[in-house]
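As structure tokens, the structure follows; a few thoughts come after it.
We did not get these values from a lab; they are worked out from the coordinates using the rules stated. Please read these numbers as outputs of a predicted model, since none were measured by experiment. Cβ: placed from backbone, ideal geometry, glycine included. Neighbour counts: every protein chain shown.
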């Protein structure tokens, strides 16, 4: 076979290879890659806490209780809410509640996470350590820097219910006494003022009578 014949055969082979569906094979490979399962990647990072956001969170958040005075052994429900910019509730925030006595000694501590409404509730029972007046404070522990909420709650714990009733009656008695004293003072002032008005009217009447009297 001559070289010219071999060259012609090679050219015919190259021409026939151009019809091989190479594009379809590539498409199948790409299709297989697209069928791979998707995986999500979660990235955790420490976001800097700006002074503005810290101030808003500190001022807008609050804590409240259903009772202001209880006895030892009685349960108290505290509700704390984390509130951000434009009164937006902050969910999934880590909240710590601390109770301190009059000497600023910590007597109770509990932690919880806020729900969709930004609320975290704490149901606790008053013990003997709570006897007296206590301050309840919440701290937002979500960030590296703890944020102490400005608003606080006060809870007074008495020894027994009798003591509680006695104190309430005493407060009511003092209020009644103050009210009676104020009313009494007002009545006396009104009486004195009325007598002065009456005396002034008599004097004016006598002066007018002396002016129009025909004897003058």
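What to note about this one:
- Contour excess over end-to-end distance, with Cα ends at residue 85 and residue 100 and 0.36 nm allotted per residue: 2.5 nm
- Taking other C-beta atoms within 10 angstrom as a stand-in for reagent exposure, 101, 144, 115 fall in the order 144, 115, 101, fewest first.
- Counting beta carbons within 10 Å around each of 59, 116 and listing the fewest first gives the order 116, 59.
- As a proxy for reagent exposure, ranking 85, 130 by other Cβ atoms within 10 Å from fewest up yields 85, 130.
- Given R0 = 25 Å, the distance between the Cβ atoms of residue 109 and residue 58 translates into a calculated FRET efficiency of 0.80.
- Segment residue 144-residue 160, extension gain: residue separation times 0.36 nm, minus the distance between their alpha carbons: 1.5 nm
- Subtracting the Cα-Cα distance of residue 135 and residue 119 from 0.36 nm times their residue separation leaves 3.8 nm of extension gain.
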